[in-house]
1. Under a 5 Å amide H to amide H cut-off, with H placed in plane at 1.01 Å, what residues pair with A:GLU23 once short-range neighbours are removed?
2. Is there a simple number for the mean count of other chain Cβ atoms within 10 Å of the Cβ of residues in B:7-19, and what is it?
3. How high is the relative contact order of segment B:50-194? Use alpha-carbon pairs under 8 Å, at least six apart in sequence, and give a whole percent.
4. For B:GLU14, B:GLU227, write out the residues from largest to smallest accessible area, computed with a 1.4 angstrom probe and no ligands counted.
5. Could you tell me the total accessible area buried at the A-B interface, probe 1.4 Å, in square angstrom to the nearest hundred?
6. On a 0 to 90° scale, report how tilted helix B:226-238 is relative to the longest principal axis of chain B, with both axes built from alpha carbons and the result rounded to the nearest 10.
7. What residues qualify as long-range amide H neighbours of B:ALA140, i.e. H under 5 Å apart, gap of 5 or more or another chain, H built at 1.01 Å from N?
8. Once a ≥ b ≥ c are taken as the square roots of the eigenvalues of the Cα gyration tensor of the protein assembly as shown, is the result rounded (a/c under 1.5), prolate (a/b larger than b/c) or oblate (a/b not larger than b/c)?
Amino acid sequence: MATVECTECGAEIEAADNVINGEILPCPSCGAEMEVTSTKPLKVELAPEVREDWGE
Amino acid sequence: MKVAMLYARVRVEEKLLFEELQRRGVECEMIDVREVSFDLHDMTRWAQYDVVIERCISHSQAEAALSILDMFGVKCVNTYRAAHICGSKLNTTLELIRHGVPSPNVRIASTPEAALETMAAMGGQRPDGRYERPVVLKPAVGSWGRLLAKVNDRDAAEAILEHKDTLGSYHHSIFYIQEFVNKKAGRDIRTFVVGDETIAAISRTSEHWITNTARGGKAEAVRVTPELDRISVAAAKACGGGVLAIDLLERDDGEIVVNEVNYTMEFKNSIAPTGVDIPAKVVDYALGVGSGQIAISTYHMPVSGPVAGAGAR
């Protein structure tokens, strides 16, 4: 289990061993959605906001 | 077999599909569509894939990518045709009507003034402005039950139309107006169609008139009756076929109508209640397309050139 720091509030976010790029990790402290941009080493960025044409 | 999965955000569904491919030992390259640049004069990169599974969360990105891949003969699940139809409620309704699949009554207007009068006519406006029956105003492009408006009277209609005219993007300049179907037992039904088969069905119940699970609707398994299967498969075929989620409404008199069809279906909330391994079914289908065992149709006439032969049908 790897951990990474939330870019918004600095809290620690845990990621499962099988995490992949593009996956969203919600910050357990502030609730911000973090997008995984690298798995080795684990890096995250604030995920984009929902856009009008998103969906199914 | 080599598979690519196009994505822009890895939801639970994309992860489940990726893991299912891994479990079967199928090579799968995850491709972030936001980082892709399609060279329309040299598409050789894409010739290496037997099938591309399109799972972009953005309709515009998905439709553009599928249009390009379709033109160059790269096999995709779903197809450009399915995305083009299902990504637009107008296109979906047209195809359902064309193929004789029951759907709610819809009228289209292209100005706020025409929309106001259309809603008055569909709603049966009384002298005091109230409607005899509500109407639903929907954006032609959109998902997850967002920006739907159930309109009960002329005052609300005027306000919504003014907001759309002032604040909306150009997508909101076409007014898709649908009859309000009073859902039997306050629920709607979602079926999952893969190829020629309805593999699972759920009902979605909510105290709100919008029952999408993305909006908190609760999912429960529903038996796939012959009637549900027939109308679901018919709707899927009308809308391009492949891997599609069909949203159905049941009228008070029992008639079932197709409300919407989704081409990048979300299914994480439906696996447990139905007990159906939906990712496995989707992967079966995609690998069938990739191996040529399942035929899909193109929208464009494929061009000859660098990728001619790749994904030839």
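The values are calculated or read from the model by the stated rules, or taken from the named source; none is laboratory data. These numbers come from a predicted model, not from an experiment. Here Cβ is always computed from backbone atoms with ideal geometry, including for glycine, and neighbour counts include all displayed protein chains. Note: accessible area is taken over every heavy atom of the protein model, side chains too, but ligands, DNA and RNA are not part of it. Shrake-Rupley method; radii C 1.70, N 1.55, O 1.52, S 1.80 Å.
1. A:VAL36, B:VAL10
2. 4
3. 22
4. Sorted by accessible area, descending: B:GLU227, B:GLU14.
5. Interface area, both chains combined: 1900 Å², rounded to the nearest 100.
6. The helix B:226-238 is inclined about 70 degrees to chain B.
7. B:TYR176
8. Here the protein assembly as shown falls in the prolate category.
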